[in-house]
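Student: Sharing a structure with you now.
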Amino acid sequence: MSAETMDKVDLRALIIATADTIVAHAEELTALDQAIGDGDHGLNMKRGFEAVRTEADAFAAKPLPEALKAIGTKLVMTVGGASGPLFGTLFMALGKEISAEPDRANLAAAFGKAIEAVAARGKSQAGQKTMLDVLQPVHEALLQGKTAAEITDVAGRAADATVPMKALRGRASFLGDRSIGHMDPGARSVALLMRAVAETIEGH
Ligand code: ADP
Ligand code: MG
């Protein structure tokens, strides 16, 4: 993910790749949410990303900031649950901060602002067994100039690291100590999305 490749990335390909991975892993995400939530996360995310995929051409025709804002709005309208507004906020805030042709520094800064927006929306922070526990390390990896493959690795390990954590936000927090020993579904979703983005950019 060099500064050179960023502006050449095919937004349509990114939309298709992220939607396809969420759809392919919907049952796994649901199973994770069945363990520590209400079992709707896979379906929520599948519904939202399928809606985005349906309009991939229209989104991809927009400049990157507008596309991300429109995708975020679509996710808020379609995902539902606690995660809908949070994933929606992530994309909307990213769209607000990113340039039309971002370099690494702009991407990292915009991603940082987007995470802050999610944290504000969720009244949450990293360490509470949520999607933020993957977003945060990914942001750090971006700041450190890590490659797409390394960022995928960081995201996967960050999702794994939610297993021993105790949930302090969202439905899983109702379980208290019984939330320990299961991966956070939202964290897994972010890791899947990051891998799809990284593979699409690398394969470019
Ligand atoms: P719901 O919890 O309403 O059923 P989902 O199952 O779709 O919604 O999403 C659950 C995921 O949302 C969790 O795994 C977690 O990652 C994320 N989440 C929930 N509440 C918060 C919060 N306050 N801050 C950050 N992420 C959260
Ligand atoms: Mg749920």
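The values are calculated or read from the model by the stated rules, or taken from the named source; none is laboratory data. Every value quoted in this text rests on a predicted model; they were computed, and no experiment measured them. Here the Cβ positions follow ideal geometry from the backbone for every residue, glycine too, while neighbour counts run over all protein chains shown. The protein model used for the area step is the full one, side chains on, heavy atoms only, and it has no ligands, DNA or RNA in it. Shrake-Rupley method; radii C 1.70, N 1.55, O 1.52, S 1.80 Å.
Student: Could you please find all residues in the range 118-133 being charged (D, E, K, R) and within 16 Å of ligand 2 (Cβ to nearest atom)? Show your work before the answer.
Tutor: If we filter the range 118-133 for residues that are charged (D, E, K, R), which is where we start, we get 121, 123, 129, 133.
Result: LYS129, single match.
Student: Let me ask you something else. Could you name every one of the helices (runs of 4 or more DSSP H) located completely within the range 1-70 that has at least 2 residues being at pLDDT below 95 and not small (Gly, Ala, Ser)?
Tutor: Numbers: elements: 3-6, 11-24, 26-36, 41-54, 56-60.
Once the helices (runs of 4 or more DSSP H) in the range 1-70 are filtered for at least 2 residues that are at pLDDT below 95 and not small (Gly, Ala, Ser), what remains is 3-6.
Student: Could you pull out the residue among ALA61, ALA93, ALA51, ALA35 that is in contact with a Lys or Arg (Cβ under 7 Å, 6 or more places away or on another chain) and either more than 15 Å from ligand 1 (Cβ to nearest atom) or open to solvent by 20 Å² or more (accessible area, probe 1.4 Å) (or both)?
Tutor: Values: ALA61 fails: in contact with a Lys or Arg (Cβ under 7 Å, 6 or more places away or on another chain); ALA93 fails: either more than 15 Å from ligand 1 (Cβ to nearest atom) or open to solvent by 20 Å² or more (accessible area, probe 1.4 Å) (or both); ALA35 fails: in contact with a Lys or Arg (Cβ under 7 Å, 6 or more places away or on another chain).
The match here is ALA51.
Student: Okay, moving on. What about THR78, is it among the hydroxyl-bearing types (Ser, Thr, Tyr) and under 20 Å from VAL197 (Cα atoms)? Quick ask: steps written out before the conclusion?
Tutor: Numbers: among the hydroxyl-bearing types (Ser, Thr, Tyr): yes; under 20 Å from VAL197 (Cα atoms): no.
When the stated conditions are applied, THR78 does not pass them.
Student: Would you point out the residue of the range 96-108, among those that are among the small types (Gly, Ala, Ser) and open to solvent by 30 Å² or more (accessible area, probe 1.4 Å), that is nearest to ASP184 (Cα to Cα)? Give the derivation first.
Tutor: Step one: of the range 96-108, the residues among the small types (Gly, Ala, Ser) are 99-100, 105, 108.
So of that shortlist, the ones also open to solvent by 30 Å² or more (accessible area, probe 1.4 Å) come out as 99-100, 105.
Values: SER99: 31, ALA100: 33, ALA105: 29 Å.
The residue in question is ALA105.
Student: Being closer than 20 Å to LEU135 by Cβ, assigned to a helix (DSSP H, G or I), touching a residue at least 60 places away in the same chain (Cβ under 8 Å) and within 15 Å of the chain's Cα centre (by Cα) narrows it down to one residue among LEU90, LEU75, LEU86; which is it? Working first, answer last.
Tutor: Numbers: LEU90 fails: touching a residue at least 60 places away in the same chain (Cβ under 8 Å); LEU75 fails: touching a residue at least 60 places away in the same chain (Cβ under 8 Å).
Unique residue meeting the criteria: LEU86.
Student: A follow-up question, please. Out of all the residues in the range 117-165, which are closer than 24 Å to ILE98 by Cβ and among the basic types (Lys, Arg)?
Tutor: Those that are closer than 24 Å to ILE98 by Cβ and among the basic types (Lys, Arg): ARG121, LYS146.
Student: Within the group GLY156, GLY170, GLY186, which residue is within 11 Å of ligand 1 (Cβ to nearest atom) and either within 16 Å of the chain's Cα centre (by Cα) or acidic (Asp, Glu) (or both)? Before you say what the answer is, go through the steps one by one.
Tutor: Details: GLY156 fails: within 11 Å of ligand 1 (Cβ to nearest atom); GLY170 fails: either within 16 Å of the chain's Cα centre (by Cα) or acidic (Asp, Glu) (or both).
Of the residues listed, the single one that is within 11 Å of ligand 1 (Cβ to nearest atom) and either within 16 Å of the chain's Cα centre (by Cα) or acidic (Asp, Glu) (or both) is GLY186.
Student: Hey, does the range 87-108 have a residue that's among the charged types (D, E, K, R) and within 25 Å of LEU32 (Cα to Cα)?
Tutor: Taking the range 87-108 as the starting set, the residues that turn out to be among the charged types (D, E, K, R) are 96-97, 101, 103-104.
Still in the list and also within 25 Å of LEU32 (Cα to Cα): none.
No, the range 87-108 contains no residue that is among the charged types (D, E, K, R) and within 25 Å of LEU32 (Cα to Cα).
Student: Restricted to the range 7-29, and to residues that are within 16 Å of the chain's Cα centre (by Cα) and of a type in the set (Val, Ile, Thr), which residue is nearest to ALA58 (Cα to Cα)?
Tutor: ILE15
Student: Restricting the search to the range 42-57, which residues are more than 14 Å from LEU193 (Cα to Cα), within 14 Å of ligand 2 (Cβ to nearest atom) and not polar (S, T, N, Q)?
Tutor: LEU43, ARG47, listed by residue number.
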